[in-house]
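Structure, as structure tokens:
Read-outs throughout are calculated quantities, based only on the coordinates presented, and are distinct from any laboratory measurement. Given the structure is predicted, the values throughout are model-derived calculations rather than measurements. All Cβ positions, even for glycine, are placed from backbone atoms using ideal geometry, and neighbour counts span all protein chains on display.
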Amino acid sequence: MQKPSFEQNGGTYRTVGDYRIPNITLPTEASKSFGMWGLKRKDYLMQHRRVMFNIMLMNGTLWTHLAEVDEQTSDMFSRLVEKMKVNEGITEQLKADNQMEWVARMNNIEARAREIVNHELIFTA
């Protein structure tokens, strides 16, 4: 009798009661920390790209991917906010002269930057 392909490829089984269960473990992945952007990407993958999420989880690349996306998105967000501040003339002098105007304009800039990074990096396949 020919061995199952699992055993031919080096797989082993353990016996539990009357059943033979394959010894399968997920690859270990270096624990990487990530922030808000990584969590948003993880939620997106879990809800809308379930197969991709499971493949990366089983390959051991999910946490690395989330940490990379988090870092890229943080950098892009910071650069966009700074560039928009310069383009729209938002300065520390405006902050000193009219705080409410400064806050309103900064909130607007940050909202637009969030939309851009979400579209470009978070909610993509």
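Worth a mention:
- What you get for the chain, charging only the Cβ of Lys and Arg (+1) and of Asp and Glu (-1), is a dipole of about 500 debye around the Cα centre.
- Helices in the chain that qualify as membrane-span-like (whole DSSP H runs, Cα extent of at least 30 Å along the helix axis, mean Kyte-Doolittle hydropathy of -1.0 or higher) are 62-87.
- Per-residue ellipticity at 222 nm, computed for the chain from helices alone with -39500 (n - 2.57) per DSSP H run of at least four residues, works out to -20000 deg cm²/dmol.
- 5 angstrom amide H check on TYR13, placed H, neighbours 5+ away: ASN23
- Candidate values [x] -0.71, -0.98, -1.11, -1.16; [y] -0.43, -0.88, -1.24, -1.37; [z] -0.61, -1.03, -1.19, -1.23, label of the one derived for log10 I(q)/I(0) by the Debye sum over Cα atoms at q = 0.13, 0.18, 0.21, 0.22 Å⁻¹: [x]
- Proxy reagent accessibility, fewest Cβ within 10 Å first, across THR61, THR12: THR12, THR61
- With θ taken as phi - 60° and the Karplus curve 6.51 cos²θ - 1.76 cosθ + 1.60 applied, the whole-hertz 3J(HN,Hα) list for region 11-21 is x, 10, 10, 10, 9, 10, x, 9, 10, 9, 10 Hz, x standing for glycine and proline.
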